[in-house]
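The values are calculated or read from the model by the stated rules, or taken from the named source; none is laboratory data. Since the model is a prediction, treat every value here as computed from it, not as a measurement. Don't worry about glycine lacking a Cβ; one is built from the backbone with ideal geometry, like all the others, and counts go over all protein chains shown.
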């Protein structure tokens, strides 16, 4: 699957929640897209359908391709702990997601672009791989030449302090520390990870 670049409101309506952020279209049309939208909302889904939908929701939310997602699942399966929770922790540890959580970017798509365009550093070194796994203790910052970018300053200006317990942020230096992988109850995404585990376990 190539990265989705189509109408995001359509995908949000498919899953019944604004997974890409505030969405005015979704607010007015909170039902599945298509001519049978309202009927589709009432139709009962099969167990497999529910599991597949949850996996797709996680992939769209974090902007991960199928092969990347499966690799993360296999990594989570081999690690200690509850597989579903570890999977979400690995997704949260992606560099593009951490940049988004630090409010350097307003969306994950924007965060991914900042990373690929070399605006972001990890421990002082430029890293341009969105899927890079951030480790506890790593310091994520905005490259010196990029600190005046309007998109970044605008996003940081609207940042709420102490938004996430696992992230420490220094607004003066425009750097943040990834303190630890978040616990499941700290991750705000509405994803039923157990359904994803059941899907891959078949």
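General observations
- The selection criterion, being on the phi < 0 side of the Ramachandran plot and without any contact (Cβ under 8 Å) to a residue 12 or more places away in the chain, does not hold for residue 119.
- Test for residue 137: is it surrounded by fewer than 16 Cβ atoms within 10 Å (Cβ to Cβ) and without any contact (Cβ under 8 Å) to a residue 40 or more places away in the chain: no
- One residue from 126, 142 being over 18 Å from the mean Cα position of the chain (by Cα), over 30 Å from residue 49 (Cβ atoms), free of Cβ contacts under 8 Å to residues at least 60 places away in the same chain and buried (at least 18 other Cβ atoms within 10 Å of the Cβ): 142
- A residue that is surrounded by 12 or more Cβ atoms within 10 Å (Cβ to Cβ), assigned to a loop (DSSP other than H, G, I, E, B), touching a strand residue (DSSP E or B) at 6+ places or on another chain (Cβ under 9 Å) and modelled with pLDDT under 95 can be found somewhere in the stretch 154-161.
- Residues satisfying the stated conditions in the stretch 44-73, i.e. assigned to a loop (DSSP other than H, G, I, E, B) and either without any contact (Cβ under 8 Å) to a residue 24 or more places away in the chain or buried (at least 19 other Cβ atoms within 10 Å of the Cβ) (or both): 44, 45, 46, 63, 64
- Taking the criterion of being under 21 Å from residue 121 (Cβ atoms) and either touching a helix residue (DSSP H, G or I) at 6+ places or on another chain (Cβ under 8 Å) or surrounded by fewer than 17 Cβ atoms within 10 Å (Cβ to Cβ) (or both), the residues of the stretch 164-174 that qualify are 164, 166, 167, 168, 170, 171, 172, 173, 174.
- Scanning the stretch 62-88 for residues that are under 18 Å from residue 108 (Cβ atoms) and in contact with a helix residue (DSSP H, G or I) (Cβ under 8 Å, 6 or more places away or on another chain) returns 62, 63, 64, 65, 66, 69, 72, 87, 88.
- A single member of 129, 140, 104 is in a strand (DSSP E or B), touching a helix residue (DSSP H, G or I) at 6+ places or on another chain (Cβ under 9 Å) and at pLDDT 95 or above, and it is 140.
- Residue match in the stretch 177-200 (condition: in contact (Cβ under 8 Å) with a residue 12 or more places away in the chain, farther than 27 Å from residue 73 by Cα, surrounded by 15 or more Cβ atoms within 10 Å (Cβ to Cβ) and touching a strand residue (DSSP E or B) at 6+ places or on another chain (Cβ under 7 Å)): no
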